[in-house]
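Every number in this text was worked out from the coordinates using simple rules, so none of it is lab data. These numbers come from a predicted model, not from an experiment. FYI the Cβ positions are ideal-geometry reconstructions off the backbone, even for glycines, and counts take in every protein chain you see.
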Amino acid sequence: MPARSVFGRAPAESVPHIALFAGHGETTRALRAIDWAATPLGGPGDWPEGLRTGLSISLGAAVPMAVLWGRDLRQIHNDACLPLLGAARAAGALLRPAAECWSPVWAALGPLAERVMRDGEAGRIGGQVPGVPFPADRGLGGERVYTICCAPLPGRDGEVGGVLCTFHDTTGHDTTGAPAYTAAGALAPRPRAAPADPPAVVRDERVLLVVDDPEMRDYLERVLGEHWTTRAVTSGAEAIDLIRAEAFGIVLADSDAPQADGVDLVAEIRADPLTESLPVVLLSARAGEEVSGGLRTGADDHLIKPFSGKELVVRVGAHLIMGRLRRTREIRLSPGEEGFRALADAAPALVWAADAARRCEFVNRAWCEYTGRTAEQEVGHGWMDGVHPGDLPLISGTTYDEFARRAPFDLEYRLRRADGSYGWLAVRGVPRVDRDGEFAGFVGACVDITRRKRHQERLGVLAEITTALDATDALSERLTRTGTTLTTRFADQCSVEVSGPDSRTWRLMHARAGTGEPEVRVPAETLERWLEAGAQPSPAPGAPGACPDTPNTIVSPITVHGRVLGALTLVGGDGRAPYDGEDRVVAAELARRLALHLDYARLLHVERLARRTVESAAARGARLQELTASLSRALTVEQVAGVVAGHAKAVLDADAVVVMPTAGRSLTTVAVAAAGDEAWAAEPARDADHPLARAMRDRTPRWTADGVAGLASLPLAVGTQVVGGLAVRLAEPREFTAEEQEELTAIAGLGAYALQRAGRFDTEHRMAATLQRSLLPDRLPNVPGLTTWAKYLTASAEVTVGGDWYDLVPLEDDRVAVVIGDVSGNGVTAAAIMGQIRSTLSAYLLEGHDPATALAKTARMAERLGPELMTTVCCGVLHLSSGRFEYANAGHPPPLVRCPDGRIRTLRSAVAPPLGVGGPDDYGSFTETLPPGSVLVMYTDGLVERRGEPIDLGMRRLTARLATAPSSLEGLGERLISLVGPPGSDDTAVLLIRTSGRPLDLELSVPAARGDLGDLRHRLSRWLRVAHLSRLEEYEFLLACSEAVANAAEHGHRFGDGAISVSGRITAGLVTIKVRDGGGWRDPHPSDRGRGIALMRAVMDSVSIDQTGDGTTVRMRRRLPGKEPA
């Protein structure tokens, strides 16, 4: 049956508990219809986990169970409770106090429930009759007797919030020998009934009891001791030691006792390969989650207290037989033995026996209940009718081979269950011999491993879908792969449905299993519309509804950050086992993962749309920036109008005209930009009813399109004052697009402000921006041997100027001045003072003053600027050849150095006041040597100061970031600048300088006899790299030096013996090269072919030639330009 729309009739508030109330039973249908927000329990989204867990257990259980919640114990029961309540009490029993629902047994149940709520300890009462006789046609005959077990459910803040009640039908059970709880919950022994004898094959087994209650331990030893040897311990740790030291056939552990700790004991036994096959039976007074936990951990069975001695012996005997089968290779056992049949029928596993001819001769009661067939139908080869067709070859081959070899075998196969679905069985078969020792066939046991297999399948589905979702960026492909995987391994049908912006249901994917490949539909148009809707405002949050009339269905909401996107619906088929709680958990996880990918796909799509919009807006912004720049250069009204008209024409490839009103209220044409006939431009000025004239009167743009051309008429207005008008005519009769209208409106707005030259903020903003650009260096000069990086950030985006600055000033020889400073405050005033101080300090440093003297002289000047603003400065002089750094500090944060080995050093600094507040005559000078490869870090306090915290914390943060930042100077700078605090804190400037360590001096010797100058050029080129030359500049240096060396070789040595000396020196702003030979030049002859000296003088700033008796020396000098490296 196809799944109904998951957005059916259910209200939006049902979303959080769809999985909890899934199913098609009478009670779950009633629970889905309740308006929970109006009940004492409130909305399910706010329920404690204990309540949700209790309901998950009880609503999915086949035995009668009820959750009693809150101090007044309001009841939520499952369908299995309805026969116990009867029609009269069942009507309206949901959410009523339990005392009103269970009046026949409340005298006993009430005190027990109150004690569980008070003490948090489980308990039970036996022999209770709810008071509703079963009808005769049910075949149960009159009143039924129940044992009621009560377990605590956790509420909020560690308190007990409710009680989980389980009703066990004990009608006809012999409980006279079973221990029963007293009022205090202790166990007291009672007389036993004589149990049946187990078969001889297991009478030599030993039983280990792990029980810390002495009365229960004594009871178990007396009942089991008549048939087997028992050993008792009180803790799980003792049990593990014994199991590893001695042989036992079975372990009985009390899961209620804290010392025995039965569930943990099971886990430890199953984790050890030597003990994993040992049968373990748990004893518990608590039904539900604790028992389920033990079975999930690996327990073979559980007994709910109180139990009869007969039941205990039968269960233990059955598990001993199954344990013997697990670990033996041959067993002496007859299926006709009455004790074997009784124990096999009591065993929870499926027990079978086959004769030597491979014919089944016995199946136990569990087998018949599992398959829904009689023993007569299963014997012989009838049992194979239920084997899954895909497993028949395995069954036939294995049984044939193992019967022939007469060896134990293990296999797994699928067998049809009573409900028509297939379950997985793990089979262990062991050869059996008769009394004479002859091979008589096989006996074996099957354990239902469907849960394990389904768990593995669930994990596989999760892994496969996760891989499918991550394998491609296309959402349609992800949904297709998801649908294929789900309908192949988990469901017969599945669908993904979402809420559209029109509040209707949109199906993004629907898949259906078939005989071949699954049929998966992902409608591309719907998917694209849903993705597009991600950029639109969302409607009120919708919610998927349940599918109450579709059996074997799971509906899991697809939610992201509390928003419901839609739902994942899974529908099982006739060949699949009914979905259980774990399937719902998997479905919820699938929905969660799907939600993340759906949300990511939608966000990505919105981002792409936004990117296109931003790119378009960026292009318009760039054009408007160009317009703004042009308008800022225009001085007269005619110039401004010409810029506006010309820009409008260029943007739309259309004709444009700008008009202005005159004193007589008429219009005059100021500027025209037209590709052809300009006659139309006179129309707005002549026609008082022209659309442009009306637009100026109304101060409202008009967009018209007649049969000839589209026309835009825009007023140029500032506030209520109209200063002009702009008309733009398209070449074709079409409407203006929204983007064109937006850009023309922006052009008109900018043009209006430019025409009026008003708007104080805009004017100041433009002036401030121009001022800031003029005060800070546009780029740092190239200094040989240094690599630099700098950045300046203002305190906020609104203020583009401030008082922070940095400077790099090449000095004479191999020195360069380094400065960083901070004028308190920001804005134009701070920037103006900064400009004066920066210029003054740079001038003193250029004059040759050391840093301390330069600071003292600049401080005298700063005092005359007024005391309103003070200035902190750190300046120094770096010697390029030696790495010596001489510096002085006026109240500024100390520089840092990152050494080549990664160490961070803070440079020493004198305690001196800022400039402008009466500083000392001597600011104190310090000297440090920076090893090659060091990075000098200079910064203003905006990098380390944050409001409300000490500056030492900021310094430690800076030092830590510096130690772990990338080695590249740009990467290092960006990591440091990310330390800047929130906007509005302070301006920030950062200057980084790295010393290269490359030599600035050159000494070469070139043989005069060798005519090849290649080696000279190569070595000279490597030396010149430190000067950051362009390729052309480097070529010119090589050309001049090569000419000088060639002349020395030819004229000084006649290409004979001797050597030519080439030396050079690079300073902060100058390159000097000297070429000297030891011979004697001959005077140039008019017929000489060479023009080397002319070439050298053409590319060098100065060339001098000195001739002596010892040889000739050519000196060439060229200043370095202040530009970025090529």
**OP:** Go ahead and run the numbers for FRET between Glu114 and Ile904, Cβ-Cβ distance against an R0 of 45 Å, rounding to 0.05.
**Re:** 0.10
**OP:** May I ask you to sort Trp367, Trp228 by Cβ crowding, counting other Cβ atoms within 10 Å and putting the fewest first?
**Re:** Trp228, Trp367
Subject >> the stretch 929-965: trypsin sites (Lys or Arg not before Pro) in DSSP coil with no more than 10 other Cβ atoms inside 10 Å >> reply: Arg947
Subject >> Among 853-859, 409-415, the order from most to least packed when residues are scored by Cβ within 10 Å on average >> reply: 853-859, 409-415
Subject >> Gain upon complete extension [Glu457, Glu226; 0.36 nm per residue less C-alpha separation] >> reply: 78.6 nm
Original post:
According to the square roots a ≥ b ≥ c of the eigenvalues of the Cα gyration tensor, what is the shape class of the stretch 549-636, taking rounded for a/c under 1.5, prolate for a/b larger than b/c otherwise, and oblate for the remainder?
Top reply: prolate
Original post:
In which sequence would Thr147, Thr636 go, from the one with the fewest C-beta neighbours within 10 Å to the one with the most?
Top reply: Thr636, Thr147
Original post:
Where a Cα-Cα gap under 29 Å defines reach, which lysines qualify for Lys791, not counting those fewer than 8 residues away within the same chain?
Top reply: Lys857, Lys1123
Original post:
How far is it, in nm, from the label point at Arg71 to the one at Val606 when both lie 7 Å from their Cα along the line to the Cβ?
Top reply: 4.6 nm
**OP:** Report the full-extension gain for the segment Glu49 to Ala1094: residue separation times 0.36 nm, less the Cα-Cα distance, to one decimal in nm.
**Re:** 366.8 nm
Subject >> Simple label model, 7 Å out from Cα along Cβ direction - Arg633 to Ala62, nm >> reply: 9.0 nm
Subject >> Residues Met1100, Met384, Met696 arranged by fewest to most Cβ contacts within 10 Å >> reply: Met384, Met1100, Met696
Subject >> Spin-label model distance (nm) - Ala426 vs Tyr400, 7 Å beyond Cα toward Cβ >> reply: 2.8 nm
**OP:** Rounded, prolate or oblate: pick one for the stretch 48-172, where a ≥ b ≥ c are the square roots of the eigenvalues of its C-alpha gyration tensor, a/c under 1.5 means rounded, and failing that, prolate if a/b is larger than b/c, else oblate.
**Re:** prolate
Subject >> Gain on full stretching of the segment that runs from Arg623 to Glu974 - 0.36 nm per residue minus C-alpha separation >> reply: 123.4 nm
